[in-house]
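Here is the structure we will look at.
Every number here is computed from the coordinates shown, using simple stated rules; none is lab data. Being a predicted model, the structure only gives us computed values, none of them experimental. Note: ideal-geometry Cβ built from the backbone for every residue, glycine included; neighbour counts use all protein chains shown.
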Amino acid sequence: MDENLLMSQPAVATRRDPFDRGKFGPQLLTEGEAIRQAVVRARQAGKSVGLVPTMGALHEGHLSLLETARTECDLTVVTIFVNPTQFGPHEDFRQYPRDLERDLAQLGRGGCDIVFAPTNEAMYPAGYTTSVDVGQLGQVLEGEFRPAHFRGVATIVLKLFQLAPADRAYFGRKDYQQTIVVRQMVADLNVPIDIRVCPTIRESDGLAMSSRNVYLSADDRRRALSLSRSLRLAEQLVNEGQRDVAVIRAQMQHEIDAAGGVQVQYLAFVADGTLTPVERIDGPTTIALAATVGKTRLIDNLLVGK
Ligand code: AMP
């Protein structure tokens, strides 16, 4: 990350009054105490506050969360922080795309009120040691391949909820397991915030939007389409009456294999709203998958059997 960017004034104009929405772009805050005061003051003034945690490199998926937050809340806060503790030692923390100026411009156009973009040192000062253990929910699916990921996610999300004690926080269904983990954490730790889950936004050809899609070569991108295609195929099979998970999984795998160069890490069928595997589609079921396409790791999911 270009630390200087966070220290200096943003290139886009900022404004002082967080309720004067949309005129000059969002107000950029980098200090924990500043964001806490802004949120607490807004709530004391009777305003509802919506929080959208992100790692930046924003796309329409992120902006859709902001849009929903704007319709439901008086004041919107988007956080931008590439959280080091949710990346494994051999993952893409360093390469992860970062472009704060572009993000601020997009958020300005999207009508965001406040952007909170802290430095690593502000979030994890020297001597930092506490983290949130999410138990078994963090060990399955993504957790099998990214063992410390949800510890990092839960820890940063709880910290953001503490720094920006909003009424509601907005998450994308794209990261299905994350929504389960976060909901469980706020229930278990009595965090007074309403978790809202918004639909996955896709490219016109079906690819789920992701900040990591920029890593895909043209060839990889074409292969990656087999993932959303396999989910649509599963949906079609369920709509036609197929209930046997083994049959659906085999056809999905066949669809993905036909693209070549796509390695499935997991292809899971779970009762919707949980991470509990099912063998038959007898109710709302989420099909969640992860795969590598070249060097890029992608996840996607779809709700079937509604
Ligand atoms: P990230 O910046 O990848 O950590 O994502 C921040 C938030 O945006 C998370 O709640 C994600 O689930 C959500 N998000 C990411 N991609 C999409 C998408 N394609 N559609 C909807 N939400 C998304």
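Mind putting a number on the dipole of the chain about its Cα centre? Charges go on the C-beta only, +1 for Lys and Arg and -1 for Asp and Glu, and I need it in Debye to the nearest 20.
So the dipole magnitude of the chain works out to roughly 360 debye.
In percent, what relative contact order does the chain have, based on Cα pairs under 8 Å that are 6 or more apart in sequence?
Across the chain, relative contact order equals 16 percent.
Can you sort L160, L237 by how many other beta carbons sit within 10 Å, fewest first?
L237, L160
Out of E31, E121, E60, any idea which swings most in a Gaussian network model of the chain, alpha carbons joined below 10 Å?
E121
Cut-off is 10 Å between beta-carbons; in what order do T155, T274, T76 appear when sorted fewest neighbours first?
Ascending Cβ contact count within 10 Å gives the list T274, T155, T76.
Run the Debye formula on the Cα coordinates of segment 111-259, all scatterers equal and no solvent, and tell me log10 I(q)/I(0) at q = 0.10, 0.13, 0.20 1/Å.
With no solvent term, the Cα-only Debye profile gives -0.50, -0.82, -1.34.
With 10 angstrom as the radius, rank D99, D133 by how many other C-beta atoms surround their C-beta, starting from the fewest.
The most exposed by this proxy come first: D133, D99.
Can you find, among L75, L58, Q95, the residue sitting farthest towards the positive end of the charge dipole of segment 3-198, where Lys and Arg contribute +1 and Asp and Glu -1 at Cβ?
L75
Quick check: the distance between the Cα centres of segment 123-164 and segment 201-244, to the nearest angstrom?
Cα centroid of segment 123-164 versus Cα centroid of segment 201-244: 28 Å apart.
Can you tell me the orientation of helix 218-239 relative to the chain, as the angle in degrees between its alpha-carbon axis and the longest Cα principal axis, to the nearest 10?
Approximately 70 degrees, to the nearest 10.
Students often get this wrong, so check it: of K47/K159; K159/K295; K47/K174, which have C-alpha atoms separated by over 26 Å?
Result: K159/K295; K47/K174 exceed 26 Å.
Could you give the alpha-carbon Rg of segment 3-198 over 2.2 N^0.38 Å, rounded to two decimals?
0.98
Residue farthest toward the positive end of the dipole of the chain, with Cβ of Lys/Arg at +1 and Asp/Glu at -1: which of F116, G46, P26?
Value: G46.
What number, in percent, do you get for the relative contact order of segment 211-304 if the mean sequence gap of Cα pairs under 8 Å and at least 6 apart is divided by its residue count?
About 29 percent, as a whole number.
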